[in-house]
Amino acid sequence: MPFKLALLGLWHPHADGMLRQLAAHPDEFTLQGIWDPDPQVVARHAARWEGVLPGFRVCGSAAELLRQPLDGVLVEGRVADNVATARAALERGLPVLLEKPAGGNLRDFEALATLARGRGLHLQLAYLFRWMVAVQELLRRHRTGQLGQVYLFRGRLPKDLVLYEQLVHELGEFRGGVFFEMAGHLVDLAITLCGPPRRVTPFLHHHHTSGPADYVDNGLAVLEFAGGLGEIDITQLEVAPHSRRIEAFGTLGSVVIPHLGSGHLANQPVQAVEVHEAGAPEWTTLSPVAQPLQISDLREFAGVVAGRKAPDFSLDHDLLVQETLLRASDML
């Protein structure tokens, strides 16, 4: 029996990828309907998916959609609205897959987590880079002890300069600007590899010659851990291609992912992973076959809700990621 889902909100750039995976896996998932408060957002998605994706039915309100027979809800609206939207689903007794980041206010997300726990409902953050095949190789090596103590984590997720005006319009309401939007992916991985940070130091700047002077378009944060350091680099001024990168250096081994790709950037047929083991004379390059993004988020969500597995990333972890992200974005 396919897992019955609804989409509450369609504004987020990742919403289209979720719809794409629902369309590609009708044996696993079925869409019961969608809702977004913005008619233009609805019309844009309807032009692509109406008549193509079974179940692409527009409801007149969130309450109407939540009355449908559902196994879970995807929340893909505006970041500022998503926590309140997720609360409505949880109060209806439905598990939630919540798009990152989890709003701009830590207390609201903490209250949401408390509600989910009190109702015994699964609440999962949609950090899609967790499930990329190259990142999974990194996490596997960490989990099996092949990295030893990770003493340095470095990651950068730039945004293209050609998107500058669009992103200023979309993210200008947040003090952390583009850093707040993108850094959570890397905070998520840094904490997974290194544990809770002892100190978080942000360096957030506006370096473009135009745009609001208080808008963060170039940011760096240093995370200090008990046994290592993390460096997170987010810019909105990028012109170099294929420059998204993750590096993890440990006492027994190291992993470098030279280009992550993304849900909207071109993904190579294979995801190169450079690895080194202590004592080896050279690095080795692995070439795992890339997998479609976001299907793993959906499968993890459905598997946990159905009781087939425990979550790979706990709610406590997601709470720590959100708190650290807000500290790094100077928003706490």
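Here residue 271 meets each of (1) in contact with a His (Cβ under 9 Å, 6 or more places away or on another chain); (2) surrounded by fewer than 21 Cβ atoms within 10 Å (Cβ to Cβ) with one exception, condition (2). Close Cβ contacts (under 8 Å, 6 or more residues apart or on different chains) running from residues in the range 1-13 that are farther than 14 Å from residue 26 by Cα and in contact (Cβ under 8 Å) with a residue 12 or more places away in the chain to residues that are in a loop (DSSP other than H, G, I, E, B) and of a type in the set (Lys, Arg) comprise 9/78; 11/78; 12/78. Exactly one residue out of 254, 314, 287 is closer than 24 Å to residue 102 by Cα and among the polar types (S, T, N, Q), and it is 314. Within the range 102-157, the set of residues being part of a loop (DSSP other than H, G, I, E, B), of a type outside the set (A, V, I, L, M, F, W, C) and either without any contact (Cβ under 8 Å) to a residue 40 or more places away in the chain or under 25 Å from residue 328 (Cβ atoms) (or both) comprises 103, 104, 105, 120, 127, 144, 149.
The single residue among 77, 72, 55 that is touching a strand residue (DSSP E or B) at 6+ places or on another chain (Cβ under 7 Å), buried (at least 19 other Cβ atoms within 10 Å of the Cβ), modelled with pLDDT under 95 and not aliphatic (A, V, I, L, M) turns out to be 55. Answer yes or no: is there a residue in the range 195-215 that is in contact with a strand residue (DSSP E or B) (Cβ under 9 Å, 6 or more places away or on another chain), of a type in the set (Phe, Trp, Tyr) and either surrounded by fewer than 21 Cβ atoms within 10 Å (Cβ to Cβ) or touching a residue at least 40 places away in the same chain (Cβ under 8 Å) (or both). Yes, the range 195-215 has at least one match.
The range 195-259 holds strands (runs of 3 or more DSSP E) entirely within its bounds, and those carrying 2 or more residues that are touching a helix residue (DSSP H, G or I) at 6+ places or on another chain (Cβ under 8 Å) and more than 21 Å from residue 147 (Cα to Cα) map to 199-205, 218-224, 229-235.
Within the range 1-48, if we keep just the residues that are closer than 13 Å to residue 76 by Cβ and of a type in the set (Phe, Trp, Tyr), the residue that is nearest to the chain's Cα centre (by Cα) turns out to be 11.
The values are calculated or read from the model by the stated rules, or taken from the named source; none is laboratory data. Bear in mind that the values here come from a model prediction, so they are computed numbers and not experimental data. Note that each Cβ is placed from the backbone with ideal geometry, even for glycine, and that neighbours are counted across all protein chains shown.
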